[in-house]
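Below: the structure, in C-alpha cells.
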Amino acid sequence: MVGAAHVLVDEDVRAPYETDWTRRWSGRAAAVVRPGSTDEVAAVLAWCDARGVAVVPQGGNTGMVGAGVPRAGERPQIVLSLARLTELGEVDAGSLQVSAGAGVTLAALQAHARAAGLDAGVDFGARDSAMLGGLVACDAGGIRALRHGTVRARVAGLEAVLADGRAVSRMSGLLKDNAGYDLPALLVGSEGTLGVITGVRWRLVPRHDARALALVPLAGLADAAPLLRAVRPRLPSLDACEFMTAEGLQLVLDHLRLPPPLEPRAPAYALLEAAANADPLPELAAALEAAGVEDALIADDTASRERLWRLREAHTEAISAAGVPHKLDVGVPLEALAPFCDAVRAAMPAGARTILFGHLGDGNVHVNVLGPDPADETVDETVLRLVAEHGGTISAEHGVGVAKARFLHLSRSAAEIEAMRAIKAALDPRATLNPGAVLDLVPL
Ligand code: FAD
Ligand code: MLT
Ligand code: ZN
C-alpha cells in the first residue's frame, strides 16, 4: 500500500519511533508505516481496522505524554508516521490562511508564513521537529498562546481519515460554516484517538518584527501574578509571558555552561516579550515602571533576545540531560499559581529535585520531578491531586496521553467522560486508533 521502503521492520530502524522524547515511554511495534498521501493513510487504516491491528499515529515524536509511541498490550500495533505528508500550499492573502500537510514542521510553517509577511501564531522549543498533525492532535499551546490562543484557534479546517479508512475533509477555510456538528473541532486535541489528521487549513496572524524582551527578577513566585496583572492592561503588544525559578535556571546554566544573566540572583524570574509593528520598547518600559519594576534586564536586539529565550527554552533539554523526569504539564488559575507551586514543592519526596517553570500568562505550570523512579506513579498522582485541589486542569497543553489517562476524572466529570467514551465508540468501535490514550478503559 505504501511501498516496501516505507514499512520499517528492522529493529534498529524502528527504535527512534518506539521511544518518546523524555525516554519515559516506549514499546514495540510490528512495523513503522510511512504513508505518502491521504489515500495511503486510508488504505492502511482500513486494513488495520479490519484485522484488529492497533495504530499509533506519530508526527515529530516530541510529545510528552507517551501517546505517540507503542505501548504494552495484547494486540499487534503499528506506528503510523505522518512525516511524509509535507505539502505546503500558497498563502492566501485574502483569508490569511494556508493549507499544509500533517507532516509539515512548525518551523517550516513559520518560515513559509514569514516569507509572506505573516506568522504562524504558535511557537515553542520543539519547532524544528514537531509537526502540524501532532500540534493539532494535542491542541498545543506554547509561548504565544496568551496572544493568539492555542492551536485550536489556528485551525480553519482539517482533512482526516477515520478509524475504518473513510476520509473526511473540510479544507474550504470558510469563516462562517455552521452546517452541523463541527468534526474538525472534535479532532483538535483528540490525541490520535478519533482520526488521523492528514492536512490542516491554518489561520495565520500578522507578523510583528519589532520586539523587546524583559527578564524581571522576582522575590518569589507570589510576585508573578501581581506583575502580570499590573502589566497586561498597559501592554497590548504583550506577546509572551513566561516564568522560571532559580533551580531551573541554575540547571540550564550548568547544562549550557553559561554565566547568570542577572546579578544578584533571584528566587524566580518572569520573561515578558512585547511585539508590534513599531518598536514596543517604550510601551514595555512604561508598563514595567507602572508595575514598580526597577531592575529588569532588557533585550531589544535579536541576538540578546535569543540568548535570553535560550535560557527559558533549554529547560526541557537540561532536565532530560539530568535524568528521566516525571513531567506534569498542568494549569491553575493565576491566583493559585504560587500556592500550588509551594504545595508541590512541599509534597515531593526527600531527595527529589523539583523544577517548576512555564507559561505564566496562561497559568500553565510545567512540574518536573527528577529522582523518583520513572515507573512509580506516586509523584504524578500527588501533583495531579494538588492541581484538582487548586481548581486547575491535569493537562494544559501536552495532552492526557497514556501518562494521565487514569487521572482524567480529576479534571472531567463522570458525565463528561461517559460522553467522551460514547464519541470514541461511535467513531472507532474496534478501538483501532491509539488505544490506551486519553481514555484508559479502551483496551489494547
Ligand atoms: P507526536 O509526539 O508525534 O504525537 C503527539 C500526539 O499526537 C500523539 O498522541 C500522537 O498519536 C498524535 N498525533 C501525531 N500526529 C498525528 C496526526 N497526524 N493525526 C492524529 N494524531 C496525531 N507542547 C506545547 O503544547 N507547548 C510547548 O511549549 C511545548 N514545548 C516543547 C518543547 C520541547 C523541547 C519538546 C520536546 C516538546 C514540547 N512540547 C510543547 C510538546 C510537543 O512538542 C507538542 O505536544 C507537539 O504538538 C507534538 O507534535 P509532534 O508532531 O511531535 O507529535
Ligand atoms: C515548554 O514550555 O518548554 C514545554 O512545554 C516543554 C516542557 O514542558 O518541558
Ligand atoms: Zn510549555
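The values are calculated or read from the model by the stated rules, or taken from the named source; none is laboratory data. This one's a predicted model, so the numbers in the text were calculated from it and none came from an experiment. In this analysis, Cβ positions are derived from the backbone assuming ideal geometry, glycine residues included, and neighbour counts consider all displayed protein chains. Just the protein is used for accessible areas: all its heavy atoms, side chains included, with ligands, DNA and RNA removed. Shrake-Rupley method; radii C 1.70, N 1.55, O 1.52, S 1.80 Å.
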For the range 171-201 the number of residues that are over 18 Å from the mean Cα position of the chain (by Cα) and either assigned to a strand (DSSP E or B) or β-branched (Val, Ile, Thr) (or both) is 3
Note on the range 85-130: residues within 16 Å of ligand 2 (Cβ to nearest atom) and either closer than 17 Å to Gly173 by Cα or not hydroxyl-bearing (Ser, Thr, Tyr) (or both) are Leu106, Ala107, Val122, Asp123, Phe124, Gly125, Ala126, Arg127, Asp128, Ala130
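Does Glu317 satisfy the condition of being out of contact with any Ser or Thr (no Cβ under 9 Å at 6 or more places or on another chain), open to solvent by 60 Å² or more (accessible area, probe 1.4 Å) and among the acidic types (Asp, Glu)?
Answer is yes for this residue.
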Note: among Ala437, Ala403, just one is open to solvent by 10 Å² or more (accessible area, probe 1.4 Å) and at pLDDT 95 or above, namely Ala403
Residue in the range 282-292 that is open to solvent by less than 60 Å² (accessible area, probe 1.4 Å), in contact with a strand residue (DSSP E or B) (Cβ under 7 Å, 6 or more places away or on another chain) and either in a helix (DSSP H, G or I) or within 16 Å of ligand 3 (Cβ to nearest atom) (or both) present:
yes
Among the residues of the range 115-157, what is the count of those that are within 21 Å of Gly195 (Cβ to Cβ), among the basic types (Lys, Arg) and surrounded by 21 or more Cβ atoms within 10 Å (Cβ to Cβ)?
1
Residue among Ala322, Ala278, Ala338 that is among the aliphatic types (A, V, I, L, M) and within 19 Å of Val216 (Cα to Cα):
Ala338
Please identify the pairs in which a residue from the range 193-206 that is touching a residue at least 24 places away in the same chain (Cβ under 8 Å) and more than 12 Å from Arg170 (Cα to Cα) has its Cβ atom under 6 Å from the Cβ atom of a residue that is open to solvent by 10 Å² or more (accessible area, probe 1.4 Å) and of a type in the set (Val, Ile, Thr), counting only partners at least 6 apart or on another chain.
Thr193/Val438
Could you say whether any residue in the range 211-218 is open to solvent by 60 Å² or more (accessible area, probe 1.4 Å) and over 19 Å from Ala42 (Cα atoms)?
no
Between a first residue in the range 229-251 that is under 15 Å from Ala338 (Cβ atoms) and away from ligand 2 (no atom under 16 Å from the Cβ) and a second residue that is among the charged types (D, E, K, R) and open to solvent by 10 Å² or more (accessible area, probe 1.4 Å), which pairs have beta carbons less than 9 Å apart while being 6 or more apart in sequence or on different chains?
Ala246/Arg265
Name the helices (runs of 4 or more DSSP H) wholly within the range 64-160 that hold at least 2 residues that are of a type in the set (Gly, Ala, Ser), out of contact with any helix residue (DSSP H, G or I) (no Cβ under 8 Å at 6 or more places or on another chain) and without any contact (Cβ under 8 Å) to a residue 24 or more places away in the chain?
106-115
Output the number of residues of the range 229-250 satisfying the condition of being surrounded by fewer than 22 Cβ atoms within 10 Å (Cβ to Cβ) and in a helix (DSSP H, G or I).
8
What pairs can you find where one residue is in the range 397-414 and among the hydroxyl-bearing types (Ser, Thr, Tyr), the other is within 16 Å of ligand 2 (Cβ to nearest atom) and open to solvent by 10 Å² or more (accessible area, probe 1.4 Å), and their Cβ atoms are less than 6 Å apart, with a gap of 6+ or different chains?
Ser411/Thr393
Which of (1) within 16 Å of ligand 3 (Cβ to nearest atom); (2) within 30 Å of Thr432 (Cα to Cα); (3) without any contact (Cβ under 8 Å) to a residue 40 or more places away in the chain; (4) surrounded by fewer than 24 Cβ atoms within 10 Å (Cβ to Cβ) does Gly189 not meet, given it meets every other one?
(3)
Please verify whether Arg307 is of a type in the set (D, E, K, R) and surrounded by 15 or more Cβ atoms within 10 Å (Cβ to Cβ), treating the condition exactly as stated.
no
